[in-house]
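Undergrad: Questions regarding the structure given below will be posed in turn.
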Amino acid sequence: MVNALVTGSNRGIGLAIVKELLRDKRVKHVFATHRDTAEIKHLKNIKDERLHIIEMDILYDDEIMKVVGDISSIVGTDGLNILINNAAVLYDYDMTGNVLRKLMCSQMEVNSASVVVVTQSFLPLIRRAASNPGGRAIIANITDGMGSIETCDGATSRNATVYRMSKTALNMFTRSFGLDLRKEKIIMIGLCPGKTKTEMGAEKPEFSPDQTAKPIVDGLLNKISMEHASLILDRHLNPVKY
């Protein structure tokens with residue numbers, strides 16, 4: 001049985017991943033976290049006793065630790081098999097405009113630093129799952145091709161300089177800590193969903209959130225193995241340039 005947590009799950013790709021996870025009978029609990037209770041109507045429409053809707057702002061460590069305790073009391077010795085760090089923001093940052101240091105730092109904090117904090121906080125539950133006989137534990141960081149250094153097409157493209165920086169930092173965290181976690185048989189990967197139609201606004205979207213979530217969840221439940229650990233992959237588990 002599988003216990004999974006998805007951050008930023010009230011809309012878009014996160015919501016679609018929650019729905020897709022619940023389609024699999026092997027999934028025991030899905031913990032869907034969100035920041036704003038005013039924006040969870042789509043989560044509330046899901047009628048499944050395995051779904052736990054939890055308020056957790058990833059910018060506040062005390063909230064995160066409270067949720068760790070709450071989830072620990074539910075999963076017990078089974079631990080947490082899958083952590084999907086999906087929550088993110090995209091703010092325009094115009095390099096020809098005004099200096100907006102607070103906006104810049106806010107984006108880096110949500111998209112990069114908070115992923116580190118959430119991962120650190122839930123690591124005891126992830127280790128618990130990995131240490132069980134036949135246990136499997138995966139941390140999936142939802143990244144973006146816009147964070148690729150190799151394929152970057154300039155600072156002014158989509159006014160996304162800081163967003164690009166935040167995802168590049170996330171990729172380095174995935175790569176570096178993912179190598180360390182291999183020793184504990186914990187798989188950390190970066191997943192690029194592709195050009196998905198969401199409120200964050202992919203340029204020329206090609207897929208719906210449901211179309212994106214299906215292969216992601218299939219990979220998480222059925223295909224990802226230690227050979228994928230610390231890699232940056234697309235939703236079909238093909239390596240991407242980063």
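Here, each number is a calculation from the coordinates, and none is a lab measurement. Keep in mind that what you see is a predicted model, and the values were worked out from it rather than measured. Glycine gets a Cβ as well: all are built from the backbone with ideal geometry, and neighbour counts include every protein chain shown.
Undergrad: Based solely on its DSSP helices, what 222 nm [θ] is calculated for the chain when runs of n ≥ 4 H residues each add -39,500 (n - 2.57) and the sum is averaged over all residues, nearest 500 deg cm²/dmol?
TA: Values: 7 runs with 87 residues, N = 242.
Mean residue ellipticity, 222 nm, calculated: -11500 deg cm²/dmol.
Undergrad: Check I54: other-chain or 5+ apart residues with amide H under 5 Å from its amide H, H built from backbone geometry?
TA: Distant-sequence amide H within range of I54: A32, T33, H34.
Undergrad: Quick one: putting +1 on the C-beta of Lys and Arg, -1 on the C-beta of Asp and Glu, what dipole do you get for region 2-234 around its Cα centre, in Debye to the nearest 20?
TA: Working: 29 positive and 28 negative charges, 117 e Å.
Once rounded to the nearest 20, the dipole reads 560 debye.
Undergrad: Suppose a student asked you for the relative contact order of region 2-234, using Cα pairs under 8 Å spaced at least 6 residues apart; what percent would you report?
TA: Values: 427 pairs, mean separation 47.5, N = 233.
Rounded, it is 20 percent for region 2-234.
Undergrad: Please go through region 148-242 and write out the GluC sites (Glu not before Pro) that DSSP classes as loop and that have at most 14 other C-beta atoms within 10 Å. Working shown, then result.
TA: Numbers: sites: E150, E184, E199, E203, E206, E227; in loops: E150, E199, E203, E206.
Taking region 148-242 and a limit of 14 other Cβ atoms within 10 Å, the loop GluC sites (Glu not before Pro) found are E150, E199, E203, E206.
Undergrad: If packing is taken as the average number of other Cβ atoms within 10 Å across a peptide's residues, how do 35-44, 211-220, 57-66, 116-125 rank, most packed first? Provide the component values of the computation, followed by the final result.
TA: Details: 35-44: 13.0, 211-220: 21.6, 57-66: 15.4, 116-125: 18.0.
Sorting 35-44, 211-220, 57-66, 116-125 by mean packing, highest first, produces 211-220, 116-125, 57-66, 35-44.
Undergrad: Cα-Cα over 28 Å: which of K66/K214; K102/K214; K66/K204; K28/K241; K25/K241; K19/K66? Kindly include the intermediate steps, with their values, before the conclusion.
TA: Numbers: K66/K214 31 Å; K102/K214 36 Å; K66/K204 39 Å; K28/K241 35 Å; K25/K241 34 Å; K19/K66 25 Å.
Beyond 28 Å between Cα atoms: K66/K214; K102/K214; K66/K204; K28/K241; K25/K241.
Undergrad: In region 29-146, if the dipole is taken from +1 on Lys/Arg beta carbons and -1 on Asp/Glu beta carbons about the Cα centre, which of P133, H29, V110 is farthest to the positive end?
TA: P133
Undergrad: Taking N as the number of residues in region 2-234, what value does Rg over Cα atoms divided by 2.2 N^0.38 Å take?
TA: Details: Rg = 17.0 Å, N = 233, 2.2 N^0.38 = 17.5 Å.
Here the answer is 0.97, to two decimals.
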